[in-house]
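Reviewing the structure listed below.
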Amino acid sequence: MANGHLSLSDQWRLIKPVWRVCIAILVAQLIGMGVGLVMRPVGHVFLDLWYGGAYATPLGFVAGIAWQTASVAGSLAQNRLVILFLAVLCVLLPLFGYFTWDLWLLAVAR
């Protein structure tokens, strides 16, 4: 890590203990993408998929935390930095979508 970047093996070493949280986020995003595709909130396929996945992300995080806690006692305390990082990402993603909603609607209308 001489250049400040983590290798893929180092990244996997960090994520491996909390893989359940990552899987739950991914599953929730996929379900959210399906909902977004059906509801068509923006009217553009990519953005409908993106918004569906983004808004489902925090739900997946909560489900993943519950799954992780039930499966491996004490793992959240042992991996708190990774969990905190995932939590911040799971909050920022839908916030970014919320604050750029009008911009995307304007772009699609062109």
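Please treat every number below as a calculation from the coordinates, not as lab data. It should be emphasised that the depicted structure is a prediction, and the values quoted were computed from it without experimental measurement. Note that we place each Cβ from the backbone using ideal geometry, even for glycine, and neighbour counts take in every protein chain shown.
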Exercise. Take the chain, connect every pair of alpha-carbon atoms lying under 10 Å apart with a spring to form a Gaussian network, then pick out the residue of LEU92, LEU84, LEU26 with the largest mean-square fluctuation.
Key: LEU84
Exercise. Would you kindly state how much longer the chain becomes between ALA73 and VAL45 on full extension, computed as 0.36 nm times their sequence separation minus their alpha carbon distance, in nm to one decimal?
Key: 6.0 nm
Exercise. Over the stretch 18-109, calculate the relative contact order: mean separation of alpha carbon pairs under 8 Å at least 6 apart, over the residue count, as a percent.
Key: 33
Exercise. With r as the distance between the Cβ atoms of LEU37 and ASP102 and R0 = 22 Å, compute the FRET efficiency 1/(1 + (r/R0)^6) and round to 0.05.
Key: 0.55
Practice problem: Once you have the Kirkwood Rh of the chain from its Cα pairs, apply Stokes-Einstein at 25 °C and 0.890 mPa s and quote D in µm²/s. | Solution: 161
Practice problem: Scan the chain and note any complete DSSP helix (H) whose C-alpha atoms cover at least 15 Å along its axis and whose Kyte-Doolittle average is 0.0 or more. | Solution: 19-39, 45-71, 80-99
